[in-house]
Amino acid sequence: MRQGQHRSLLMTRRRRALWRGLAAALGALALIAVGVVAIRAGGGGGCAAREPVLVSVAAAGDIAPAAMEAAGRFNETKAAVDGWCVLVQVSEQAPATVLRTLLGERAGVLSERPDAWISDSSAWVRLARENGRLTGPETVVATSPLVFATRSSLAQRFAVSRTEMNWQLVFPAAARGRLRPTDNEPDIVRVPDPSLAGAGIATVAAARDVVGSGPDADKALTAFVRWAQAGSAPDYRTLLAAAEDRSFWQRPVVIVPEQSVLAHTALGADPIVALHPREGTINLDYPYQVTATDPRLAEGAALFGRWLRGAGGQEVIRRAGFRAADGSGAGGAPGAPTPRLRPTVSPGDIDEALQAWSRLAPPTNILVLAETSKHMAEPLAGRTRLEVAMDAARLGLQLFPDSTRMGLWEFAETHRKRVSLGPVAEPEAGELVRRGRLTTLTGELRAHPKQGSALHQAIDAGFREMTSRYAETMNNTLLVITSGRDDGGLSRAALLERLRREWDPERPVQIVIIAFGSGADRVGLGEIAAATNGSLHVAKEPGEIIDVFLAALARRLCHPVCGATQPR
């Protein structure tokens, strides 16, 4: 027997066994409980109640309740395939989990492949189709525009101060060269995790659309991704609860679909309200895709999909707060305005945004080498180079989420390990958590006026440390903060020879160098960075520091196929 036939027979037997057990337990009522949705069998009438065609549908969290209600109503219609009743079972499943299942991955998957799928963005379906795991078109059954949601009292405060919601607010204040937002801006704009939710993917696309393309755009997008990671949440319920929380953030705003705001139960007299961005928004679509490989199950799944697009299904969808497939309707709220959309964001842009997130978002394993030689004691715009560099490091530290592993060494004539490489959110040897210790050190490090710089020797030691502490699932980086001068010891030629011999493209460690002030050996430093597919960035003014820091992180958008490094 062929493997496919064996699998089909096995699945048929499982479904028959499931039906017999449920029918015996519930008797004449033929009431089947699957997850949290009750489904009634259409016994008699136009189809046979015995051994029905059981269609499993996986639905994204926000549309799952409506899909469950719709399934119950559909089952009452006694729809049939070849005379057999079709019974639909809906379960709430994260789109990423369904995608992994369809792609045939082994970790984080469903126990069985669903027969149909309602995701919260066509981007998921396109990913599955590009990998050859889906055929046939999807059918959009609902839409919901992205909105900025916050407490009613904060919405009024923003209105009084004429602070309009706009996509620039998703970028951190650090990207604009300052530590914190103004009192008339949100102090945090949280987004759904793009690796889990369609609204997160669309937010990345909107952010990229706002900043355009080119090196400056890449830096801005990098700042957004690093900031979004720190404030992302796995689902819309968590985000809306955070908008109500007053324990930490004073002016929180979250980006969610309009439907989730309408479905949210407000607490107290300060309800959550939806605000539309002034530049226009993006409509989330909810596509229905048949995923069954068995012809009878596929036909049953297609019947339910057509019913969802009909009057009965759309009535359930609208009552749940969604808009129609073409974006029309008030989303369950009479008088709700029709939002203006951003016509420049295409499906291709959304797919590219997901790819950009996948490159920028993986956690970082990073060792920072901070030079404290006499060269860093030299003045730069009225301060020492080291002071300017550490101000930049303090800003940059805010852009790394708790999933980061980080360490800090200082070096002059020799190197000294100040913070061991490890999770920034965990304490080091029972002391202050690493993030706190790193922040403190940025204000405590002092240059040594009588010591030279063993730059090449420090880079060699740091590179070997990162190679030995390589983390498979992370971006591994050696970040060198330096004057760009070496006063002897290991020669540049010897260092380059070691790097070219020991750098492993299968386990790549990037060397990223940020040089401060004039006098840096641009050619030599560029060769060192290029040997590991890294990059060199030179800053001459304090205001350039955060800019070059973001440019260094943005290198990930092309890694590991970046072109030759160009000193900036």
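Tabulated results
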quantity: Per residue solvent-accessible surface (Å²) - segment 198-293, probe of 1.4 Å; calculated: 36 Å²
quantity: Charge dipole (segment 418-525, unit charges on Cβ, about Cα centre) - positive-most of PRO449, PHE516, VAL419; calculated: PRO449
quantity: For segment 70-217, alpha-carbon Rg relative to the globular expectation (2.2 N^0.38 Å, N residues); calculated: 1.43
quantity: Total charge dipole magnitude, segment 410-546, about the Cα centre, Cβ charges on Lys, Arg, Asp, Glu only, Debye to nearest 20; calculated: 180 debye
quantity: FRET efficiency, ALA381 to SER213 (Cβ-Cβ, R0 22 Å, nearest 0.05); calculated: 0.10
quantity: Rounded percent of accessible protein surface that carbon and sulfur make up, segment 73-206, 1.4 Å probe; calculated: 46 percent
quantity: In Hz, Karplus ³J(HN,Hα) per residue of segment 313-318 (6.51, -1.76, 1.60; θ = phi - 60°; x = Gly, Pro); calculated: x, 5, 5, 5, 4, 5
quantity: ALA311-ARG278 FRET efficiency (beta carbon distance; Förster radius 56 Å; 0.05 resolution); calculated: 0.95
quantity: Protein accessible area in segment 466-535, 1.4 Å probe - carbon and sulfur %; calculated: 48 percent
quantity: Within-10-Å neighbourhood charge of MET165 [Cβ basis; K, R +1; D, E -1]; calculated: -1
quantity: Simple label model, 7 Å out from Cα along Cβ direction - VAL160 to SER491, nm; calculated: 7.1 nm
quantity: In segment 235-297, the trypsin sites (Lys or Arg not before Pro) that fall in loop regions by DSSP, at most 13 other Cβ within 10 Å; calculated: ARG246, ARG278
quantity: Sites THR293 and THR440, calculated FRET efficiency, Cβ-Cβ separation with R0 60 Å, nearest 0.05; calculated: 0.55
quantity: Contour minus Cα-Cα distance for ASP82 and ARG237 (0.36 nm per residue); calculated: 51.7 nm
quantity: Loop-located GluC sites (Glu not before Pro) in segment 431-509 whose Cβ has at most 13 other Cβ within 10 Å (DSSP); calculated: GLU431, GLU472, GLU506
quantity: Length added when fully stretched, SER152-ASP402, from 0.36 nm per residue minus Cα-Cα; calculated: 86.9 nm
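The values are calculated or read from the model by the stated rules, or taken from the named source; none is laboratory data. Just so you know, these numbers come straight off a predicted model, no measurement behind them. Because the Cβ atoms are built from the backbone with ideal geometry, glycine has one as well, and the counts that use them run over all protein chains shown. Please note that ligands, DNA and RNA were not included when accessible areas were found on the heavy atoms of the full protein model with its side chains. Shrake-Rupley method; radii C 1.70, N 1.55, O 1.52, S 1.80 Å.
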